[in-house]
Amino acid sequence: MPAPRTLLLTGAAGGLGTLMRSLLPAYGYTLRLFDVRPVEDEPDAITADLADKEALREAVRGVDAVLHLAGISLEAPFEKILKANIEGTYNLYEAARHEGVPRIVFASSNHAVGYTAAPQGAVPLDPGALIPVGTPRRPDTFYGLSKSFGEDLAQLYWDRHGLETVSVRIGSCFPEPTSVRMLSLWLSPADGARLFHASLTAEEVGHTVVYGSSANTRLWWDLSSARALGYEPRDDSEPYAAELIAAQGEMDSANPAHSHLGGHFVNDPPIWPY
Ligand code: NAI
Ligand code: 15L
């Protein structure tokens with residue numbers, strides 16, 4: 001697939017959207033921005049809800065691809081998740097199908113498989129001990145369930161309509177890791193941009209699921225499907241390890257929030273504030 005030039009970035013006002021607004025233009029993208037909240041210093045951004053089907057049709061018209069980050073990014077009451085993440089993602093796919101957009105990169109999450117056991121063993125883990133991308137989905141929250149739905153929706157739109165998707169099960173994409181768990185899941189913003197670019201430009205992806213993290217020494221999951229797209233991570237959370245472990249202690253496998261991939265989402269999920 002030739003490098004898409006005009007990219008619709010949904011969720012542009014959010015944390016990851018803000019990081020990608022600054023990083024993706026260097027890869028040659030012209031960004032069209034979409035969010036239910038105004039995007040600071042971006043008067044041309046489209047301020048609309050994913051529930052607004054007409055706004056979505058207009059937003060996707062003429063773009064080469066969509067990076068779909070918009071939605072509730074933490075746990076919330078089911079009705080809210082249903083509206084924003086489940087119906088909202090369906091509305092986006094319908095708009096893209098009608099307007100002939102060939103590819104979507106979908107921000108899935110580790111929480112689609114959050115009840116998967118976190119691998120134990122000496123660091124770095126044996127490649128055979130890493131969580132494979134084909135592991136059964138085990139959402140840890142309604143939020144994780146909505147990401148599971150998004151992946152299935154993506155599969156349906158590929159099989160039925162030929163609309164391609166890369167579903168990126170993002171670990172933790174923040175400027176720095178802030179917990180011992182994040183040492184395993186951290187996706188540096190620069191590697192995030194590399195991974196999204198690879199997902200937008202690789203040939204013939206159909207519907208591909210990848211894990212999204214940097215090349216962390218303490219990696220828990222298998223990055224091979226991401227690498228097959230051309231993703232070459234350059235960062236590693238290890239320089240943050242000593243300080244985080246000194247402050248928070250080592251992971252304790254008797255603690256469910258440490259022994260599952262989804263961390264504290266399995267018993268004390270952070271709640272969406274809006
Ligand atoms: P965020 O909460 O900072 O940003 C989400 C954005 O979506 C917000 O600006 C919000 O206004 C917008 N939004 C929410 N509902 C909307 C609606 N109905 N219509 C239009 N816009 C709406 O979240 P963040 O961290 O930037 O994450 C972006 C995406 O990546 C989310 O889908 C999240 O689930 C996913 N993700 C993020 C991870 C991370 O480490 N940051 C990890 C795994 C997944
Ligand atoms: C996510 O899916 C959330 O959107 C993000 O805010 C983090 O909580 C991340 O997972 C994580 O598991 O660290």
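One chain, two ends: D252 and Y27. Fully extended at 0.36 nm per residue, the span grows by 76.9 nm beyond their Cα-Cα distance.
Toward the positive end of the charge dipole of the chain, with +1 on the Cβ of Lys and Arg and -1 on the Cβ of Asp and Glu, the farthest Cα among V66, Y90, L31 is that of Y90.
The trypsin sites (Lys or Arg not before Pro) found in the stretch 198-274 that occupy coil by DSSP, while having at most 12 further C-beta atoms within 10 Å, are R234. The simple spin-label model puts a point 7 Å past each Cα toward its Cβ; for R97 and V123 those points are separated by 4.5 nm. The apolar share of the surface of the chain, taken as the fraction of accessible area on carbon and sulfur atoms (1.4 Å probe, ligands and nucleic acids excluded), comes to 52 percent. For trypsin sites (Lys or Arg not before Pro), the sites in the stretch 53-147 that DSSP calls loop and that have at most 15 other Cβ atoms within 10 Å are R61. Per residue, the stretch 35-151 exposes 46 Å² of solvent-accessible protein surface, assessed with a 1.4 angstrom probe and all protein chains in place.
Report, in deg cm²/dmol and to the nearest 500, the calculated mean residue ellipticity at 222 nm for the chain, where each DSSP H run with n ≥ 4 adds -39500 (n - 2.57) and the sum is divided by the residue count. Using -39500 (n - 2.57) per qualifying helix, the result is -8500 deg cm²/dmol. Highest average first, the peptides 158-168, 253-263, 192-202, 38-48 ordered by how many other beta carbon atoms sit within 10 Å of their residues are 192-202, 158-168, 253-263, 38-48. Among the trypsin sites (Lys or Arg not before Pro) in the stretch 1-46, those placed in a DSSP loop whose Cβ has at most 14 other Cβ atoms within 10 Å are R5. Taking H264, H207 and ordering them by how much accessible surface each has at a 1.4 Å probe, largest first, produces H264, H207. Computed over all pairs of different Cα atoms, the Kirkwood value for the hydrodynamic radius of the chain is 18.7 Å. Between W272 and D41, the C-beta separation translates, for a Förster distance of 22 Å, into a calculated FRET efficiency of about 0.30.
The values are calculated or read from the model by the stated rules, or taken from the named source; none is laboratory data. Remember, it's a predicted structure, so these values are computed and weren't measured experimentally. When we count neighbours, we look across all protein chains shown, and the Cβ atoms used for this are built from the backbone with ideal geometry, even at glycine. In case anyone asks, the SASA skips ligands and DNA or RNA and just uses the protein heavy atoms, side chains included. Shrake-Rupley method; radii C 1.70, N 1.55, O 1.52, S 1.80 Å.
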